[in-house]
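Trainee: Quick one: this structure, given as structure tokens, is what I'll be asking you about.
What follows is calculated from the coordinates using simple rules that are stated; it is not laboratory data. Bear in mind the structure is a predicted one, so any value in this text is a computation, not a measurement. Using ideal geometry, Cβ is built from the backbone for each residue, glycine included, and neighbour counts are taken over all protein chains shown.
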Amino acid sequence: MNQQRRSLLKYSAVFGLMASTGLISVAQAQEWNKAAFEGKSLDDVFKILGAGSPDKSSAVTLNAPDIAENGAVVPVGITTTLKAEQMAILVEKNPSALAAQFFIPAGTDSFVTTRIKMGQTSNVYALVKADGKWNMTVKEVKVTLGGCGG
Amino acid sequence: MQRKLTLGLATGLVATLLTMTSSVYAQKSATDDIAKYREMIADGNPSELYEAAGEDLWKKPAGPKNATLEKCDLGLGAGVVKGAAAQLPRYFKDTNKVQDLESRLMTCMQVLQGRDPQEMIDAPFQKGPKKDMEAIVAYVVTLSKGDKIKVSTAHPKEKEMYDLGKRAFFFQGGPMDFSCASCHAENGKRIRLQDLPNITEQKGAALGWGYWPAYRVSSGQFWTMQQRLNDCYRQQRFPFPIYGSDVTIALSMYMAKTANGGTVETPGLKR
Amino acid sequence: MKITHLKQLLAIFGFIFAVGLVQTPALAQQKNDPKFNKMMQDSFRAEGIAGLNRIDQDETQKFCSDPKFANSKQAEAMREKIQKINMDSIQQPSDGKYIGDWKNGEKIAQSGRGATWTDKADTVIGGGCYNCHQIDPKEISYGTIGPSLTGYAKLRGYSKEVVTYTWNRINNAKAYNACSNMPRIAHFKLLNEQQIQDVMALLLDPESPVNK
Amino acid sequence: MADPMRVRAAENGGTVDVKILMKHDMESGQRKDAAGKTIPAWFISTINVKANGKDVFNGQFGPAVSKDPFLNFKYKGAKGDKIAVTWIDSKGDKRTDEATAS
């Protein structure tokens with residue numbers, strides 16, 4: 001706990017310094033959402049992001065494989081026809097559900113691709129905030145055991 | 001009893017064939033899904049991060065002689081890196097040995113930079129001097145990407161290495177009776193969901209030799225061919241093959257020569 | 001001159017082929033090669049539990065390291081001899097029990113761990129069965145080096161013959177096929193008797209998902 | 001010091017496709033070392049991307065993002081745009097690399 005607090009303090013100090021020296025503006029720092037990333041369950045994270053219980057929307061597409069050959073690298077991407085302001089990727093069965101979140105300024109496409117770790121087969125959620133409202137889609141990704149297993 | 005058993009087994013076999021047809025679909029779709037997964041991660045190979053570091057290390061003075069590796073002769077003349085990896089292993093007159101990329105780089109580090117090869121041999125993979133070696137390998141093999149694999153056995157020592165490598169490929173040992181051939185001598189086989197190339201044929205050898213060194217997503221590491229072979233032997237439950245030892249070079253020679261005509265796709269991106 | 005030579009050769013081959021005299025050339029087991037032996041001795045070092053004695057081959061390993069000969073007609077008697085050596089080493093269960101717990105068997109079948117130089121002496125060795133075989137149809141990640149075992153007893157029945165044959169085959173597959181790719185599970189004590197009973201159950205218990 | 005990133009930016013029809021590879025272990029905090037002790041989490045937490053000094057992308061990662069993270073996004077831009085990518089990790093280390101849209 002102490003350790004955590006210290007690193008958090010250090011963290012804010014770095015941000016503060018960067019902001020004050022004008023390296024990044026306060027608005028764009030979008031300070032790392034500690035509470036959201038430490039939220040365990042989907043609901044924890046939904047609540048912290050202010051997403052409540054987001055509506056399933058066909059306007060949101062999650063690009064992820066049906067089977068991942070290895071859980072250490074699972075490619076995930078979000079595309080949407082909505083005008084996204086914010087997007088998030090959640091893995092239901094990971095120890096902390098939120099994997100990553102993104103802030104999309106005007107002029108940037110509503111599209112992102114990254115790679116995440118999955119401990120086991122799980123539902124993966126793509127969340128998109130557009131016009132102040134959260135939308136989502138879900139897909140199961142199977143994580144397989146591979147190789148010789150040693 | 002013997003006859004009854006045979007009969008039982010025969011019926012079993014027929015029945016197995018019947019169930020096999022029903023499982024073929026599931027098997028096929030899982031394989032297709034894995035192919036899709038590989039396609040999705042193909043763009044953005046983290047090997048690139050190692051290549052950049054390797055290029056710096058190639059050009060940076062180091063070792064007791066404070067020299068760069070820029071005059072290293074990888075077989076195409078001093079300082080020629082482009083295309084060199086596609087023609088390794090090969091015989092080198094100055095050492096009077098057949099060398100693979102990594103053993104040759106050790107020679108260059110020793111001769112040009114004054115470094116002790118034993119330190120490299122003894123270092124664990126991914127750490128210390130090996131970490132530098134791995135980055136340099138990433139840099140060198142990238143400069144052969146797209147070239148045809150072209151390995152010669154014209155020199156008697158090259159031919160001898162090839163023959164020794166072929167024999168080593170089939171050499172069984174350890175508590176599981178494994179040889180390289182246990183997994184890599186038949187077409188269309190897989191271990192779990194991973195396809196196993198048949199390295200005894202050109203096509204399979206090119207699929208194996210042509211894609212290593214590679215970034216392995218399961219370990220998040222860039223693996224040289226020496227590390228790849230090392231881990232094969234670990235999984236075969238053999239003792240530890242010494243870094244740059246003749247068995248590793250002989251096997252490389254056998255694989256590379258069999259793969260001749262295939263394309264260098266290194267650095268690959270593997271599970 | 002070279003060309004005429006070739007033509008002559010072709011003619012001779014053609015003739016031999018035509019009269020059906022072509023046979024596989026007489027094969028002998030590959031000779032002991034001191035150069036090769038030295039390479040193997042010099043190239044490995046002991047690490048952790050993996051000692052250098054692991055590359056000392058027994059008769060079966062030596063024979064199977066030359067597959068061209070091992071699969072030839074000339075080697076038939078030798079194959080039978082190897083199979084007999086391995087058959088004779090098989091022991092039936094000391095408690096007379098062949099079938100254990102299929103749920104444990106599934107766990108053993110899933111694990112491919114153990115016996116490498118990164119393992120400890122007390123690391124439990126897995127059966128590694130799924131590496132090469134399809135077993136429970138729900139597991140999609142299975143290998144194809146060995147035959148599918150899905151529906152094993154449903155297809156073959158639960159007779160004493162099938163049970164004994166399966167026991168023997170798991171204990172030492174080389175009793176039936178001198179150069180089978182399958183490790184000799186009991187010979188090298190990869191699994192103990194109880195673990196083999198559990199794997200047996202995975203294949204032969206009517207309640208196992210394999211037979212559903 | 002942190003290792004350099006690879007940043008690639010290609011313009012096509014008024015859209016710049018940005019692909020970033022970052023060199024980072026992204027330690028999850030779930031793994032144990034040989035002695036059985038948990039290896040503490042250590043990961044890139046924020047990413048900021050600017051084109052000609054203006055924000056085009058902000059991201060936040062948790063420890064579940066893969067080792068050597070990859071990121072791909074697109075923005076409306078032009079050839080010659082100066083792109084600057086900055087990440088900061090959970091220990092406060094940071095790294096900035098630049099690229100020009102081609």
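Trainee: Where a ≥ b ≥ c are the square roots of the eigenvalues of the C-alpha gyration tensor, would you call the range C:25-136 rounded, which needs a/c under 1.5, or, failing that, prolate if a/b is larger than b/c, or oblate?
Mentor: oblate
Trainee: Which whole-number percent gives the relative contact order of chain B, counting Cα pairs below 8 Å spaced six or more residues apart?
Mentor: 22 percent.
Trainee: I need the P(r) histogram for chain D: all alpha carbon pairs, bin width 10 Å from 0 out to the longest distance, whole percents.
Mentor: Once binned at 10 Å, the Cα pair distances of chain D give 15, 44, 26, 10, 4, 0.
Trainee: Right, here's the next one. Could you give the semi-axes, largest first, of the ellipsoid that matches the range A:55-150, computed as the square roots of 5 times the alpha carbon gyration tensor eigenvalues and rounded to whole Å?
Mentor: 26, 12, 11
Trainee: Let me ask something additional. Hey, with R₀ at 30 Å, roughly what FRET efficiency would D:Ala10 and B:Lys60 work out to, going by the Cβ-Cβ distance, to 0.05?
Mentor: With R0 = 30 Å, the Cβ-Cβ based efficiency is 0.50.
Trainee: Over what distance in Å are the Cα centres of the range B:79-101 and the range B:204-270 separated?
Mentor: 17
Trainee: Between the range D:35-58 and the range C:118-146, how many Å separate their Cα centres?
Mentor: 38
Trainee: How far, in degrees from 0 to 90, does helix C:160-171 lean away from the longest principal axis of the Cα atoms of chain C, to the nearest 10?
Mentor: Taking the Cα atoms of chain C, the angle to C:160-171 is about 70 degrees.
Trainee: Now for a different question. How would you rank B:Ile242, A:Ile116, going from fewest to most other Cβ atoms within 10 Å of each one's own Cβ?
Mentor: Ranking B:Ile242, A:Ile116 by Cβ neighbours within 10 Å, fewest first, gives B:Ile242, A:Ile116.
Trainee: What shape does the protein assembly as shown take by its C-alpha gyration tensor, where a ≥ b ≥ c are the square roots of the eigenvalues and a/c under 1.5 counts as rounded, a/b above b/c as prolate, and the rest as oblate?
Mentor: Because a/c hits 1.5 or more and a/b fails to exceed b/c, the protein assembly as shown counts as oblate.
Trainee: For chain B, list the DSSP H helices whose alpha carbon atoms reach 24 Å or more along the long axis and whose average Kyte-Doolittle value is -0.5 or above?
Mentor: B:2-42
Trainee: Which distance in nm do the two modelled labels at B:Asp195 and B:Thr95 give, with both placed 7 Å along the Cα-to-Cβ direction?
Mentor: Rounded to a tenth, the inter-label distance reads 3.4 nm.
Trainee: Starting from the Kirkwood radius over alpha-carbon pairs of chain B, derive D by Stokes-Einstein at 10 °C in a medium of 1.306 mPa s and give it in µm² s⁻¹.
Mentor: Result for D is 79 µm²/s.
Trainee: Separate question: What is the helix-to-structure angle for C:76-88, meaning the angle in degrees between its Cα long axis and the longest Cα principal axis of chain C, kept from 0 to 90 and rounded to the nearest 10?
Mentor: So the inclination is approximately 20 degrees.
Trainee: Another question about this same structure. So for the range C:102-211, averaging the separation of alpha carbon pairs under 8 Å that are six or more residues apart and normalising by length, what relative contact order in percent results?
Mentor: Relative contact order here is 32 percent.
Trainee: Moving on. What FRET efficiency would be calculated for the residue pair A:Asp55, B:Glu186, taking the C-beta separation as r and a Förster radius of 41 Å, to the nearest 0.05?
Mentor: Calculated transfer efficiency: 0.20.
Trainee: So how compact is the range B:87-136: Cα radius of gyration and Dmax in angstrom?
Mentor: Rg then Dmax for the range B:87-136, in Å: 11.1, 31.
Trainee: Further question on the same structure: With a point put 7 Å past each Cα toward its Cβ, work out how far D:Ala34 is from A:Gln120 in nm, to one decimal.
Mentor: The answer from the label model is 3.0 nm.
Trainee: Still on this structure, please answer the following. Using 0.36 nm per residue, how much length does the chain from C:Lys103 to C:Lys212 gain when fully extended, once their Cα-Cα distance is taken away?
Mentor: So the extension gain works out to 37.8 nm.
Trainee: Go through A:Lys139/D:Lys37; A:Lys142/D:Lys50; B:Lys65/D:Lys23; B:Lys203/B:Lys270; B:Lys127/D:Lys23; D:Lys50/D:Lys79 and tell me which ones have a Cα-Cα distance over 26 Å in this structure.
Mentor: As for pairs spanning more than 26 Å Cα to Cα, those are A:Lys139/D:Lys37; A:Lys142/D:Lys50; B:Lys65/D:Lys23.
Trainee: Additional query: Assign one of three labels to the range B:116-271, namely rounded, prolate or oblate, based on the Cα gyration tensor with a ≥ b ≥ c the square roots of its eigenvalues; rounded applies when a/c is under 1.5, prolate when it is not and a/b is larger than b/c, and oblate otherwise.
Mentor: It comes out rounded by the Cα gyration axes.
Trainee: With θ taken as phi - 60° and the coefficients 6.51, -1.76 and 1.60, list the Karplus ³J(HN,Hα) couplings across the range D:22-30 in order, rounded to whole Hz; mark glycine and proline as x.
Mentor: Ordered by residue, 3J(HN,Hα) equals 10, 9, 7, 5, 6, 5, 6, x, 9 Hz.
Trainee: Give the aspartates and glutamates reachable from C:Lys212 as a straight Cα distance under 18 Å; neighbours fewer than 8 places away on the same chain don't count.
Mentor: List returned: C:Asp101, C:Glu106, C:Asp136, C:Glu139, C:Asp198.
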